[in-house]
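Encoded as structure tokens, the structure appears first; notes follow it.
Coordinate-derived values only; no laboratory data. Only a predicted model underlies this, so the values are computations on that prediction, with no experimental measurement involved. Here Cβ is always computed from backbone atoms with ideal geometry, including for glycine, and neighbour counts include all displayed protein chains.
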Amino acid sequence: MIINCGPLSGFTQARYVVYLSTGKRLVLFRLPSIDPSASKPNEVDGWSYFAMEAECPHAGGPMVDSQIDIEDSAYVASCPWHAYDFNVETGESSVGIKACTYPIDVQGESVLLNFPVEDGSVVELAKIEPVSEKVKLKNARPSQKLAPAPEKAVDPGMARYLDDKATLCDWAVHILDTANPEHKIELTTHLFSIFTEREKSDSPMELGRGTVAAPEEQPPREKMIELKAGAMPRTGKGGTLKSRIAMLHALANIELWAIDLAIDICVRFATFQTEKTSQELPRAYFHDWLKVASDEAKHFSLLRARIEELGSYFGALPVHHTLWLSAQETAYDLRARISIIALVHEARGLDVNPMTIQKFRNSGDDPSVAALEIIHHDEITHVTTGHRWLTWICNEEDTDPVEVFRSNVSKHFRGPIRGPFNEEARLEAGMDKRWYEEESPSLVAASLMISPFMMYE
């Protein structure tokens with residue numbers, strides 16, 4: 001059946017996530033036409049439109065994060081997990097498996113998706129979300145396009161890059177030791193970029209397992225007023241400009257710590273081996289967490305830029321370091337770290353994000369809504385990453401990941417996990433109700449009483 005995805009003028013970015021009423025997700029690409037002289041139904045004004053399934057048919061990797069290349073005069077999308085490549089028009093792959101693709105027809109001002117159905121069933125468009133690929137760097141290198149800086153901004157100088165011989169763990173420690181937030185987000189996105197590029201070459205980046213230790217001290221912060229979480233001032237409900245700035249500032253602080261957490265999980269557990277089977281973490285593990293770190297850097301940059309657009313700046317308000325306290329609590333065990341950080345704190349973010357977004361929507365703050373919606377979509381994939389790697393460890397160790405998760409929650413939190421839960425987003429991330437339903441009273445404080453995602457409300 002034909003599904004109208006919306007007006008042509010609404011498609012201005014390179015990729016979008018298409019949500020259908022059946023729960024199916026697709027990724028829609030808008031790419032420069034390889035041969036503009038050709039006349040095809042999916043091409044108009046020098047742009048070509050393609051749609052394919054959002055999950056890689058090999059292992060479920062997120063095709064929305066795929067690398068796009070041109071091979072044999074056709075676009076090819078490579079899965080970020082295992083580099084399986086698929087022609088975005090035909091779904092054909094060099095590895096023998098095929099992805100589902102769906103024809104796009106641009107008719108006048110309408111972008112139409114041809115989606116197959118059976119037995120006359122009806123499938124409707126639920127929503128379409130753009131995927132942001134831009135990090136708003138304030139102090140970019142000369143070869144990069146500079147974003148405008150506030151008039152009172154102090155130039156922190158250029159971030160220090162490591163040389164080509166540096167290992168992933170060298171980079172990770174360097175980023176953790178970097179206090180300036182602009183340098184931190186630049187270094188993080190750069191590391192993910194070069195690690196990904198070198199994965200496709202004959203000289204992948206050395207991991208450096210065990211060659212450098214993760215810092216034991218809390219990552220430094222530059223000119224920030226730190227308070228204990230319980231002493232943080234209330235931010236209000238977003239009805240005033242002051243309240244919205246406070247909420248965005250609190251969220252930006254969370255995202256900045258989230259960068260450190262995703263980087264730390266790479267270096268601190270680089271030598272991890274599974275029990276009994278002694279399996280090392282595969283390179284895909286490090287790629288996945290660097291992707292999370294890069295996303296968090298993007299999120300911080302979006303929030304910091306929005307705070308400045310509203311007339312303030314990051315650092316104008318006090319912050320807390322509750323997330324890092326959870327990192328210290330779980331520094332001894334990767335299973336505990338994933339359970340608490342990804343599957344409690346990040347998952348709780350999925351629960352509260354829609355309510356936060358609605359507060360900004362009620363205030364008519366559409367630019368903030370756009371940024372927060374990008375963040376919410378990305379963070380579903382971050383919970384997915386935690387779920388995937390805890391499950392991998394448990395599969396290797398012949399243990400039940402739900403039981404391992406619940407055991408770690410009971411060890412590292414006190415008190416009774418209450419809702420409301422965003423069941424749809426949690427399920428999309430792999431967490432069905434077995435992970436959080438109230439069978440055990442020790443699960444409650446993990447999301448309600450201690451999670452920093454509630455601190456700004």
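Some notes on this structure:
- Pairs beyond 25 Å (Cα-Cα), from K411/K433; K24/K200; K276/K411; K298/K411; K98/K298: K24/K200; K298/K411; K98/K298
- Gain upon complete extension [E280, T399; 0.36 nm per residue less C-alpha separation]: 41.1 nm
- Base-10 log of normalised Debye intensity for the chain (one unit scatterer per alpha-carbon) at q = 0.07, 0.08, 0.10 Å⁻¹: -0.36, -0.48, -0.77
- Phi-derived couplings, Karplus 6.51 cos²θ - 1.76 cosθ + 1.60 at θ = phi - 60°, listed residue by residue for the stretch 245-259: 4, 4, 5, 5, 5, 4, 5, 4, 4, 4, 5, 5, 5, 5, 4 Hz, with x used for Gly and Pro.
- As computed over the stretch 338-420, the Cα convex hull volume per residue (Å³): 87 Å³
- Each Lys or Arg adds one and each Asp or Glu takes one away; over the other residues whose Cβ falls under 11 Å from the Cβ of V18, this sums to +2.
- Each helix, a run of at least 4 DSSP H residues, gives -39500 (n - 2.57); summed and divided by the residues of the chain, these come to -11500 deg cm²/dmol at 222 nm.
- Using a 4.7 Å Cβ-Cβ cutoff, the cysteines of the chain lacking any partner cysteine are C5, C100, C169, C266, C394.
- Shape of the stretch 2-130, Cα gyration tensor, a/c cut at 1.5: oblate
- Taking amide H positions as modeled 1.01 Å from N, with prolines and chain starts lacking one, the residues under 5 Å from R15 and 5 or more places away or on another chain are R30, V131.
- Between E92 and L125, the modelled label-to-label distance comes to 3.0 nm, taking each label 7 Å out from Cα in the direction of the beta carbon.
- Volume of the convex hull of the stretch 234-285 (Cα atoms only), normalised per residue: 115 Å³.
- Summing +1 for each Lys or Arg and -1 for each Asp or Glu among the other residues whose beta-carbon sits under 14 angstrom from that of M1 gives -3.
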